[in-house]
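Enquirer: Structure in structure tokens, see below.
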Amino acid sequence: MAILEVAILLAVVLFLTYAYVAVWIWTATIAVVLVLITVFGKLGFLALTVFWLLFLAAAAFANLNQQRLRYFTHPLLKKLQKTMPSISPTEREAIDAGDVWWEKDLFCGRPKWKKLLGYPVPTLSTEEESFLANQVETLCGMLDDWKVIHEDRDLPPAVWEYLKKERFFGMGIPKVYGGREFSALAHSTVVIKIATRCISAAVDTMVPNSLGPAELLLHYGTEEQKSYYLPKLAIGEEMPCFALTSPEAGSDAGSITDFGVICHGEYEGKQVLGMRLTWDKRYITLAPVATVLGLAFRLYDPDHLLGAKEDLGITLCLVPTAQPGVEIGHRHLPMNLSFMNGPTRGRDVFLPLDAIIGGVARIGQGWRMLMESLSVGRSISLPALSAACAKLAYRTTGAYARVRKQFNTSISNFEGVEEALGSIAGLAYTIEACRIMTAGAVDQKISPSIASAIAKYHMTESGRKIMNHAMDIHGGHAIQNGPRNFLANAYMAMPVSITVEGANILTRNLIIFGQGAIRCHPFVLREVELISVQDEKNEAELNKMLLSHAGYFMSNLVRSFLFGITGGLLICAPVRGKTARHYRQLTRMSSALALLSDTCMMILGGTLKRKERISARLGDMLSELYIASSILKYYRDCGEKVEDLDYVQWGVQNCLYNIQVASNELLENFPNKFLGALLRFIVFPFGSAYRKPSDALTNKIVTTMLVPSEFRDRVTKYCYLSSDQNDPIRRLETALGEQIRLDPLLKKLQIALRNGTVSHQGDFKQRVNAAVVVGALTKEEGRSLCDYDSLQQEVIKVDEFSFDLRSVLT
């Protein structure tokens, strides 16, 4: 009986802690249970005394606010104020930039799945679909990727004119200013389709629609600036670029050395108050052809013409490139691609203050403006390039592996090739799910700063893995450049996506968790603010907040342990069926992330931001939770089709396994070894809980790559397919269809070869002719197989050049 009473008491305590109830409910409920056990129970005096003392101590700490403030919070505050580093203005602007979204639910350990599934389904409008089917289709037909890169080193003049005429540069500009006012999803999809034809054209198209003057003007510009520039930008009358990166300020853009000085000067024949600018920028896309240059610089007012402050902070302005002192025109050659990219410099360039984006009121706000605008490029443009590479690799590599034969069998039948194909298939589906959900967030008028960093990092890294696998499978066919090679330029482009708009190493190690921990945590940001300012009112608020934080931590501790020992079986899922388990396991790992994040922040404090490996691994956990969520959302939005289920299983299992790896690496290298072992027991009490997708599951998802189907078309939707039968991808598609159609005849030929009816001597066509002679094949069947053999030889053929490499011979 006594054991039962103790069990009941512990169960009540655990439940209340798990449920994260209010202090008074926790206190009253435990007091009632203890009173009942004391009056009616059989528990001994010593045990009752221990339980009552523990309860009274905890209740007193939780309920006696003034005493807790005096003897706990106040001394703790003094210590924290000495040890905790302050948040710099630049860090604060980066933290405040953008919005938190679904990632906050995941970070806090209590994802509300019905909220996620209730978000609007991202869809393209009829107008957007028409644009993709007509203007984008026409544009792709005008592009010859080999000619653009290796002969012209630029888009043809007719293509530039078409881009301007059809307002490709105004996709995000409202119709009132002459733009197309497309959704973020449409912008992403347009970039995908162009990129599957010509990466260089896609980059030239996407940059004016992401991080550039138009985006900044829409959010921060004055009405005069919008009315003047946006109509010109929409039709390409003004060609924009944005100059941020300097030789001494790359990833650390906050240390920008380019500067402007407030002064009087002459502009268009008049003496005006303005600024004299000097800059040296590089890696600027569209700079060589820009007519208006967005510039990030630090503005100074040494003569105090605007006020007492001298360093006015990072500021953004628009510079007409025809202005005296502006240098453009030189080019970089990024990975041998031909999109316009180059340096720009300016020395003592004078402009009036109304050139500042947003006017004088926006002086010093440039860093925050940039951080918020960067989320567009991270959410849309770069993920779209990765999705394009994934779709291209999925469609062509599956077909090539089926058509290409070695040892008398398709290379797709080799398990090593199948393993690489499985990675391409699973990651391509995952990238598409993440792309659509993240673009959908932007279309909900959310600026998802953390989700965009997750999408940028993981989609570009997945794209790199996909392209590496595709190159391995295509082998020599992929490394011989020429008009027949449809993978080389996509492969070369991946390092560009990985490097720009926040290098991936920086994004993973500093941004995802570093910004996520502050923005997503329910208490930390406010606690830091309260600690940094000495004030009695703030101290009282901090006193209450620390108690709530302690309850939050204990709740996640109990939840993580209970979820661990039950395998997550007691967690409610928002759906039934085969995906219900995934929701449970993701909730379990969300609670684990909340526990581990809080523990790291408590143990390491302000030094956590210098522990990059810890930050990166916690960021990996948050990222994989977000990606797995996007897969489940995509599956739901697509109507939970049966053919998707294997891909969903593969994708979520892969994410859960990656979460486990990140957690294990974190805890195995935890600064406090004992605490690391204890946390590992709490999160995974029975050891490893997740495994990589099985070989059998990988085989299932690969099978769908190898045959034409509605599902294959959906996964690779918006991958451009030329109608020209001599186009290498169209030729490969035709060969795949013919290989499947003629497979029974190929098997008949193989049987004839095996039983000796037909000799193995000679090439394929000689064997076919021999089979016709002995009656193993009809003449029509033989003709069909010979035609297919000619087609297959064209598919696997590589380009040859003249000795000086100037002329393509085949």
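The values are calculated or read from the model by the stated rules, or taken from the named source; none is laboratory data. Every value quoted in this text rests on a predicted model; they were computed, and no experiment measured them. A quick note on method: Cβ atoms are made from the backbone with ideal geometry, for glycine too, and the neighbour counts reach across all protein chains shown. In case anyone asks, the SASA skips ligands and DNA or RNA and just uses the protein heavy atoms, side chains included. Shrake-Rupley method; radii C 1.70, N 1.55, O 1.52, S 1.80 Å.
Enquirer: Per residue, how large is the accessible surface of the stretch 623-712? Use a 1.4 angstrom probe and give square angstrom.
Expert: For the stretch 623-712, the solvent-accessible area averages 42 Å² per residue.
Enquirer: Can I ask one more? If the cut-off is a Cα-Cα distance under 16 Å, which lysines reach residue 104, setting aside same-chain residues fewer than 8 apart in sequence?
Expert: Filter leaves 112, 114, 115.
Enquirer: If you wrap the stretch 235-317's Cα atoms in a convex hull and average its projection over all directions, what's the area in nm²?
Expert: Reported value for the Cα convex hull: 6.7 nm².
Enquirer: Okay, moving on. Divide by every residue of the chain the summed helix terms, -39500 (n - 2.57) for each DSSP H run of at least 4, and state the resulting mean residue ellipticity at 222 nm, rounded to the nearest 500 deg cm²/dmol.
Expert: About -18000 deg cm²/dmol.
Enquirer: Arrange the residues 168, 61, 686, 182 by how much accessible surface each exposes, largest first, with a 1.4 angstrom probe.
Expert: Most to least solvent-accessible, the answer reads 686, 61, 182, 168.
Enquirer: Also, I was wondering about something else. Among 752, 807, 48, whose Cα projects farthest towards the positive end of the dipole of the chain, with charges put on the beta-carbon of Lys, Arg (+1) and Asp, Glu (-1)?
Expert: The residue sitting most towards the positive pole is 48.
Enquirer: Given 5 Å bins starting at zero, what is the percent of C-alpha pairs of the stretch 686-779 in each, up to the one with the largest pair distance?
Expert: Taking all Cα pairs of the stretch 686-779, the binned fractions are 2, 10, 13, 14, 11, 12, 13, 11, 6, 3, 2, 1, 1, 0 percent.
Enquirer: Nothing charged except the Cβ atoms of Lys and Arg (+1) and of Asp and Glu (-1): what's the magnitude of the dipole of the stretch 681-810 about its Cα centre? Round to the nearest 20 debye.
Expert: Dipole of the stretch 681-810, to the nearest 20 debye: 580 debye.
Enquirer: What are the residues whose amide H is under 5 Å from the amide H of residue 344, where those residues sit 5 or more places off or on another chain and H is modelled from the backbone?
Expert: Amide H to amide H, under 5 Å and 5 or more residues apart or across chains, residue 344 pairs with 281, 282.
Enquirer: For the stretch 664-712 and the stretch 90-164, what is the separation of their Cα centres, given in Å?
Expert: That distance is 30 Å.
Enquirer: Through the Karplus equation 6.51 cos²θ - 1.76 cosθ + 1.60, θ set to phi - 60°, convert the phi angles of the stretch 702-710 into ³J(HN,Hα) values in whole Hz; use x for Gly and Pro.
Expert: 5, 3, 6, 6, 9, 9, x, 6, 4
Enquirer: Taking the mean number of other Cβ atoms within 10 Å as a proxy for protection, how do you rank 26-35, 321-330 from highest to lowest?
Expert: 26-35, 321-330
Enquirer: Just the number please: accessible area per residue for the stretch 217-351, 1.4 Å probe, all protein chains included, in Å².
Expert: So the stretch 217-351 comes to 43 Å² accessible per residue, rounded to a whole number.
Enquirer: While we're on this one: Could you size up the charge dipole of the stretch 267-362 around its Cα centre, putting +1 on the beta carbon of Lys and Arg and -1 on that of Asp and Glu, and report it in debye to the nearest 20?
Expert: Charge dipole of the stretch 267-362: 300 debye, to the nearest 20.
Enquirer: With a 1.4 Å probe and every protein chain left in place, work out the accessible area per residue of the stretch 526-604 in Å², rounded to a whole number.
Expert: On a per-residue basis, 43 Å².
Enquirer: Still on this structure, please answer the following. Subtracting the Cα-Cα distance from 0.36 nm times the residue separation, let me have the gained length for residue 578 to residue 36 in nm, one decimal.
Expert: That works out to 190.7 nm of additional length.
Enquirer: Share of the stretch 704-810's accessible area from carbon and sulfur, percent, 1.4 Å?
Expert: Answer for the stretch 704-810 is 53 percent, counting heavy atoms of protein chains only.
Enquirer: Continuing with this model, one more query. Roughly how many percent of the accessible protein surface of the stretch 214-364 is carbon and sulfur, given a 1.4 Å probe and a whole-percent answer?
Expert: Taking all protein chains in place, the stretch 214-364 shows 50 percent carbon and sulfur surface.
Enquirer: Same structure again: For the stretch 21-56 and the stretch 570-598, what is the separation of their Cα centres, given in Å?
Expert: Measuring centre to centre over Cα atoms gives 32 Å.
Enquirer: Give the value in nm², to one decimal: projected area of the alpha carbon convex hull of the stretch 201-250, averaged over all directions.
Expert: 4.3 nm²
Enquirer: If you don't mind, another one. So for the stretch 133-243, what percent of the C-alpha to C-alpha distances run longer than 17 Å?
Expert: Considering the stretch 133-243, 51 percent of its Cα-Cα pairs are separated by more than 17 Å.
Enquirer: So, one more: Put +1 on the Cβ of each Lys and Arg and -1 on the Cβ of each Asp and Glu in the stretch 613-678; which of 619, 653, 669 then has its Cα farthest toward the positive end of the dipole?
Expert: Value: 669.
Enquirer: Not counting ligands, DNA or RNA, and with a 1.4 Å probe, what is residue 712's accessible surface area in Å² rounded to the nearest 10?
Expert: Near enough 0 Å² of accessible area.
Enquirer: Hey, what D do you get for the stretch 546-656 in µm²/s if you plug the Kirkwood alpha-carbon radius into Stokes-Einstein at 10 °C and 1.306 mPa s?
Expert: Roughly 103 µm²/s, to the nearest whole number.
Enquirer: What order, most packed first, do the peptides 216-222, 477-483 have when packing is the mean number of other Cβ atoms within 10 Å of each residue?
Expert: 216-222, 477-483
Enquirer: Same structure again: Given (1) 38; (2) 55; (3) 30, which label gives percent of Cα pairs over 44 Å apart as computed from the coordinates?
Expert: (1)
Enquirer: Of the options 555, 543, 172, report the single residue whose Cα projects farthest towards the positive end of the charge dipole of the chain (beta-carbon charges: Lys, Arg +1; Asp, Glu -1).
Expert: Of the listed residues, the answer is 555.
Enquirer: Another question, if that's okay. Could you put 205, 126, 499 in order of accessible surface area, largest first, with the 1.4 Å probe and the full protein assembly present?
Expert: 126, 499, 205
Enquirer: Between residue 569 and residue 548, what length in nm is gained on full extension when 0.36 nm per residue of separation is reduced by their alpha carbon distance?
Expert: 4.8 nm
Enquirer: Another one. Say the cut-off is 31 Å between C-alpha atoms; which of 79/611; 281/391; 164/445; 445/700; 193/700 go over it?
Expert: With Cα atoms farther than 31 Å apart: 281/391; 445/700.
Enquirer: Further question on the same structure: Take residue 333 and residue 755, extend 7 Å from each Cα along the Cα→Cβ direction, and tell me the distance between the two endpoints in nm.
Expert: Here the answer is 6.1 nm between the modelled labels.
Enquirer: Over the C-alpha atoms of the stretch 596-701, what are the Rg and the largest Cα-to-Cα span, Dmax, in Å?
Expert: 16.4, 48
Enquirer: Place a label point 7 angstrom from the Cα of residue 789 along the Cα-to-Cβ direction, then list the residues of the stretch 402-445 whose backbone nitrogen is under 18 Å away.
Expert: Output list for this probe position: 403-410.
Enquirer: Can you grab the distance from the C-alpha centre of the stretch 448-489 to the C-alpha centre of the stretch 396-447, Å, no decimals?
Expert: The stretch 448-489 and the stretch 396-447 have Cα centres spaced 11 Å from each other.
Enquirer: Taking only C-alpha pairs under 8 Å that are 6+ residues apart, what is the relative contact order of the stretch 516-578 in percent?
Expert: Dividing the mean separation by the residue count of the stretch 516-578 yields 17 percent.
Enquirer: Once the convex hull of the C-alpha atoms of the stretch 182-273 is built, how many Å³ does it hold per residue, rounded to a whole number?
Expert: Once divided by residue count, the hull of the stretch 182-273 is 167 Å³.
Enquirer: Another question, if that's okay. Regarding the stretch 730-773, what are the three Cα extents along the principal axes, ordered largest first, in Å?
Expert: The Cα atoms of the stretch 730-773 stretch 36, 18, 15 Å along the principal axes, largest first.
Enquirer: Under 20 Å Cα-Cα from residue 405, which lysines qualify once same-chain neighbours fewer than 8 residues away are excluded?
Expert: Straight-distance partners of residue 405: 747, 748, 765, 797.
Enquirer: In a shell of Cβ-Cβ distance under 10 Å around residue 325, excluding residue 325 itself, what net charge do Lys and Arg (+1) and Asp and Glu (-1) give?
Expert: Spelling it out: positives minus negatives among the neighbours equals +1.
Enquirer: In the full protein assembly as shown, how much of residue 786 is accessible to a 1.4 Å probe, in Å² to the nearest 10?
Expert: 30 Å²
Enquirer: Continuing with the same structure: Taking the Cα centre of the stretch 484-600 as origin, sum charge times position over the Cβ atoms of Lys and Arg (+1) and Asp and Glu (-1), and report the length of that vector in debye to the nearest 20.
Expert: Dipole about the Cα centre, nearest 20: 1000 debye.
Enquirer: Still on this structure, I have one more. Using heavy-atom solvent-accessible surface (probe 1.4 Å) with all chains present, what is the largest-first order of 279, 146, 52?
Expert: 52, 146, 279
Enquirer: Something else about it: For residue 730 paired with residue 142, estimate the spin-label separation in nm (one decimal), with each label point 7 Å from Cα along the Cα-to-Cβ line.
Expert: 1.9 nm
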